[in-house]
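I have placed the structure first, in the form of structure tokens, so that the comments after it can refer back to it.
Derivation of every value follows stated rules applied to the coordinates shown; laboratory data play no part. Computed from a prediction, not measured in an experiment: that's the story for all the values here. FYI the Cβ positions are ideal-geometry reconstructions off the backbone, even for glycines, and counts take in every protein chain you see.
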Number of protein chains: 2
Amino acid sequence: MARSYAFRGTHQAGIVTPAQDRLHFAAFDVTTESRDDLVALLTAWTEAAERMTKGEGAGPIGPTQGASNLPPDDTGEAIGLPPSGLTITFGFGPGLFRSEDGKDRFGLAAKQPAALKTLPHFPGDMLEPTRSGGDLCVQACADDPQVAVHAIRNLARIAFGTASVRWSQLGFGRTSTTSVDQDTPRNLFGFKDGTQNVKAEEKDDLSEHVWVADGDDPKAAWLTGGSYLVARRINMRIEVWDRQALEDQESFVGRTKDTGAPLSGGTEFTKPDFDMPGHDGPVIPDDSHVRLVHPDFNGGVRMLRRGYNFVDGSNDLGVLNAGLFFLAYVRNPDTHFVPLQTKMAAHDAMMEYLQVTGSALFAVPPGTGPGEYVGQALFEA
Amino acid sequence: MARSYAFRGTHQAGIVTPAQDRLHFAAFDVTTESRDDLVALLTAWTEAAERMTKGEGAGPIGPTQGASNLPPDDTGEAIGLPPSGLTITFGFGPGLFRSEDGKDRFGLAAKQPAALKTLPHFPGDMLEPTRSGGDLCVQACADDPQVAVHAIRNLARIAFGTASVRWSQLGFGRTSTTSVDQDTPRNLFGFKDGTQNVKAEEKDDLSEHVWVADGDDPKAAWLTGGSYLVARRINMRIEVWDRQALEDQESFVGRTKDTGAPLSGGTEFTKPDFDMPGHDGPVIPDDSHVRLVHPDFNGGVRMLRRGYNFVDGSNDLGVLNAGLFFLAYVRNPDTHFVPLQTKMAAHDAMMEYLQVTGSALFAVPPGTGPGEYVGQALFEA
């Protein structure tokens, strides 16, 4: 598709932007000790991202022009492809502010947001270090996976010598709607996912639950208008799930598999009736996913999810290495993610079929203004 | 897209079918010792494949109907999705005929095709056992990756107890054209790939180079009208490639990066002039890829390629685990693949940037007739 989104704006693109179908996400380790090199990288990334979201090459010369005795400044696999709705969204991990031993790597420690720290260990976490953490992240979403891959690959190329890929993840199909115009897609449990998502049209909810507001964190004024990104690689035990009875699957989720309606009846968007009695307790069980994570039982808290289905081959036991790459944007992970995840990990019936293999948290700076580089306020304010 | 292809026919679909954009490929180990179980699996797979290629569920009941106290006979993630051009293509590995210690596992050893054996070790092969081999394979291609994943996942579900996934591979973007109506896509070196591919419209070349003919192998008459499928997972050292000068990249390939024209001039489909002199030897170098694999220097041999770009995250060295999942259909691997690959591995300038991490060979039975199961002639003729 030829649709394109501006890179610069009040907020970064790729958050409330209508969720594109394909994802390539990468976390980077910064390998330099120089603050100037880091700023130069963010400047170069900003320029490249702005170009690529317009459907242009990563560099001003492009993949096939310029001196033939030099490497091209674009790798070429997206030649002739339209912008494909590409968005590129950058985030900063805790390690950018302080190293694990507490060192102020780039003179940014005083501005580290209080909520930006390694997420706690939750029950069900079986984290692989090579799929977790990172000093920087880049989320590339597009309608064409070749365009998303091209974006990450070129940003990694530009980072050579300053930052290297720590881990990366492809998502082949969105599991979220971020606009009322989008149909709710299905995750690999076969259920609609994201029905209750915060959507672009819900401006008040975005302000309340997604965007960091002025005064939220006095040390991190630079993050105002930004957000936090929680990334969790959630493997699904799909072979075991597939052997569960339909009514069990539905009772774990709290919704029907067919239409996604709550088990209390109605259609997908009908409000669940958590008090409706069933044969044995409420018709929407106490340990069902929809009940446990519902705002009514969580202080009204909502998230903007932007997850993707993934399949990364299979493991040595002959089962697919597959699941949901969970991405959620929240105003504060301490209020909008950690409590919910703690509760879910302890009580959610679905947890038996989940295993979290990757985890990371990033602060996502606000949009990049004209002439600025991404995150500039962190370095200069 | 709503296009759909019939599962049954003279040849299996998914070979000359216009190459769809997305791939999920899986190799299976047969875990039963019972020939009847194996036949039952192929029968069940045939029925499920025929249904799914019509856009129906994997089983007759579907994902949300039937008894609520039983698992559904479809996993549901493709509910509401169109057929998306899904094709499902089955193949038989050498291990189906004889185990590694020579045992005739299912009474099929006498019918093993002479050319169906583990491919030789080539220079540049760094094969991972968990990405190589397999008794059975399934290639699922579709316009929507969710549909391809759904197909493999349900076939794996059906196989539970009889066969288990040995390895599987997603491909996010086709690198082949199998029809004159398709544009030539680009691989992750940024170059057009598959310009010289055998296409569906070239009936004589298909007969000469792709389909096994009557009398090709007296022991394997059951394979007449079928083909051999060579699967090779080729990692590209893309970070190193990206630091090569444009003219070097082009000299390795023997074509321009921009239009894909041979370095001797013209357009993408202009016949290369291998005798045209350059500054230092022929303008299309002796060790260029296009020259080494060209039919003119290989006894006229051609293949039908059906490869896909892949990115499977990154490795511990901070580089993308990415490349080309090479799939090629040939009439006989001993004449149409092994000599070419031997020559390429020894002389091709591009080999410096390639590392083969997976390898497998399968015999692909002919199309499945009405009322038959796939490969029936092998078991009953």
Excluding residue A:137 itself, calculate the net charge of residues whose Cβ lies under 15 Å from the Cβ of residue A:137, where each Lys or Arg counts +1 and each Asp or Glu counts -1. +3
Percent of all Cα-Cα pairs per 10 Å bin for the stretch B:147-282, counting from 0 up to the last occupied bin, reads 9, 24, 30, 23, 10, 2, 0
Just to check I understand the Karplus step: with θ = phi - 60° and J = 6.51 cos²θ - 1.76 cosθ + 1.60, what whole-Hz values come out for the stretch A:275-282, glycine and proline as x? 8, 4, x, x, 5, 9, x, x
How would A:5, A:329 line up from fewest to most surrounding beta-carbon atoms within 10 angstrom? A:5, A:329
What are the label-to-label distances in nm, one decimal and shortest first, from residue B:60 to the same spot in the other copies, with labels 7 Å along Cα to Cβ? 6.9
Using each residue's phi in the stretch A:111-118, evaluate 6.51 cos²θ - 1.76 cosθ + 1.60 at θ = phi - 60° and report the 3J(HN,Hα) Karplus result to the nearest Hz, with x for Gly and Pro. 9, 5, x, 4, 7, 8, 8, 4
If unit charges are put on Cβ atoms (+1 for Lys and Arg, -1 for Asp and Glu) and the dipole of chain A is taken about its Cα centre, the option from A:284, A:322, A:256 lying farthest towards the positive end turns out to be A:322
Among chain B residues, which Cβ is nearest the axis of the B-onto-A rotation, and at how many Å? B:312, 3
Residue of B:239, B:100, B:77 that the Gaussian network model of chain B assigns the largest fluctuation, springs spanning Cα pairs under 10 Å: B:100
Tell me the distances, shortest first, between residue A:208 and the same position across the other copies, using label points 7 Å along Cα→Cβ, in nm to one decimal. 7.2
Can you sort A:168, B:164 by how many other beta carbons sit within 10 Å, fewest first? B:164, A:168
Mind pulling up the Rg/Rh value for the stretch B:253-306? Radius of gyration and Kirkwood radius, both on Cα. 0.97
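For the residues B:126, B:276, B:236, what sequence is obtained by ranking on other C-beta atoms within 10 Å, fewest first?
B:126, B:276, B:236
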Sorted from shortest, what are the nm distances separating the label point of residue A:160 from equivalent points in the other copies, each placed 7 Å from Cα along Cα to C-beta? 4.8
Under the Debye formula (equal points on every Cα, no solvent term), log10 I(q)/I(0) of the stretch B:299-379 at q = 0.11, 0.14, 0.26 Å⁻¹: -0.46, -0.69, -1.36
Rounded to two decimal places and with Rh computed the Kirkwood way over Cα pairs, what is Rg over Rh for the stretch A:117-227? 0.99
With angles folded into 0 to 90 degrees, how steeply does helix B:338-347 sit against the dominant principal axis of chain B? Use alpha carbons for both and round to 10. 40 degrees
Mean shadow of the stretch B:1-113, computed from the convex hull of its alpha carbons, in nm²? 9.1 nm²
What is the sum of charges, Lys and Arg at +1 and Asp and Glu at -1, for the other residues whose Cβ falls under 13 Å from the Cβ of residue B:193? +4
Over all alpha-carbon pairs in the protein assembly as shown, figure out the percentage whose distance exceeds 34 Å. 49 percent
Nearest-ten-degree value, helix B:145-159 long axis tilted from longest Cα axis of chain B: 50 degrees
Rounded to the nearest 10 degrees, the helix B:35-53 long axis (Cα) sits at an angle to the longest Cα principal axis of chain B of 70 degrees
How large is ³J(HN,Hα) for each residue in the stretch A:66-76, as worked out from phi by the Karplus curve 6.51 cos²θ - 1.76 cosθ + 1.60 (θ = phi - 60°), to whole Hz, x for Gly and Pro? x, 5, 6, 9, 10, x, x, 9, 8, 8, x
Paramagnetic reach from residue B:61 in the stretch A:258-286 [backbone N under 15 Å; point 7 Å along Cα→Cβ]: A:258
Taking the alpha-carbon distance from residue A:271 and a cut-off under 25 Å, which lysines remain once sequence neighbours fewer than 8 residues away in the same chain are dropped? A:192, A:199, A:203, A:257, A:343
Along each principal axis of its Cα atoms, how long is chain B end to end? Whole angstroms, biggest number first, please. 73, 45, 42
Tell me the label-point distance for the pair residue B:183, residue B:248, using the 7 Å Cα-to-Cβ offset, in nm and rounded to one decimal. 3.0 nm
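How long is the gain from residue A:315 to residue A:40 if the chain were fully straight, where each residue apart is worth 0.36 nm and the alpha carbon distance is subtracted?
95.0 nm
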